[in-house]
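Peer 1: Sharing a structure below in structure tokens format, with a few things to ask.
We did not get these values from a lab; they are worked out from the coordinates using the rules stated. Here the structure is a predicted model, which means the values were calculated and not measured. Note that each Cβ is placed from the backbone with ideal geometry, even for glycine, and that neighbours are counted across all protein chains shown.
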Amino acid sequence: MYIRNIAVSVGAVALAVPLLLLPGTASALPCSVLPGTQSDCLQVTVDGITDSRTLTEGPGESVTQEIAVTVGQTTAFNVFNNNAAFLLEPGTVVGGVGQQSDEVRFNVSQNVGTAQTTLHFTIGSDEDPGRANLVAGIVEDGTLQNVTSTLFPGTTCVAGVCSVAGHSITVLIRSDAGPEGVPEPTSLLLLGFGLAGLGLWRRARRGGAQA
């Protein structure tokens, strides 16, 4: 009985972990600057405070994540509402436009009665519908790429940091720039442990039945 309980516990935990890592998840882990180490990632820094969202999606799966930042109420961001920055698929650029890959979109909302304004930064993966559009943008290279000046054109930007309505803002996006939805080796290893644990449980159960 003791061995059977251990097997069940090991199997359940080991199966649960890789399920959490399956395509379609997101996390607030910092974006990596190394190509191929993470999937699509958005990193936003406002007034020195950084937040990020990481996406892992499967083929044909629609995935978006948002970073919302609240500042003192202002209408200065309204002119930038619904601005977008696009990453382009490598090898598709002709005449300054190319096939759309991932995107970052900026929206602003006024919180009535709270004297606050919310800045919305949304990353959309290249598996979203309509990503075959031809647009102007930046060719994705798998590293963190700065799109701040694209979202906030006409503002003063120094070393990738833009000053908007008295706030310093940096927006970085990282594309996986490769095949989507491939499980990481660690996930596969944990899945193997889970299956092994279930196998031990079945053996223990059969042995108990025969006894």
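Peer 1: What is the mean projected area of the alpha carbon convex hull for region 64-141, to one decimal in square nanometres? Walk me through the numbers on the way to the answer.
Peer 2: Working: hull surface 24.1 nm².
Seen from a random direction, the Cα hull of region 64-141 projects 6.0 nm² on average.
Peer 1: Moving on. P(r) of region 77-116 in 5 Å steps, Cα pairs, percent per bin?
Peer 2: 6, 19, 17, 15, 12, 11, 7, 5, 5, 2
Peer 1: Right, here's the next one. Taking the Cβ of each residue in Asp47, Asp141, Asp102 as the centre, tally the other Cβ atoms inside 10 Å and list the residues starting with the fewest.
Peer 2: The fewest-first ordering by Cβ neighbours comes to Asp47, Asp141, Asp102.
Peer 1: Hey, another quick one. Sticking with the crude label model, points 7 Å out along Cα→Cβ, report the distance from Val97 to Thr75 in nm, one decimal please.
Peer 2: Each label point lies 7 Å from its Cα, and together they span 3.4 nm.
Peer 1: Mind listing the phi-derived Karplus ³J(HN,Hα) values for region 165-176, rounded to whole Hz, using 6.51, -1.76 and 1.60 with θ = phi - 60°, and x for any glycine or proline?
Peer 2: 6, x, 10, 8, 9, 10, 10, 10, 10, 10, 9, 5
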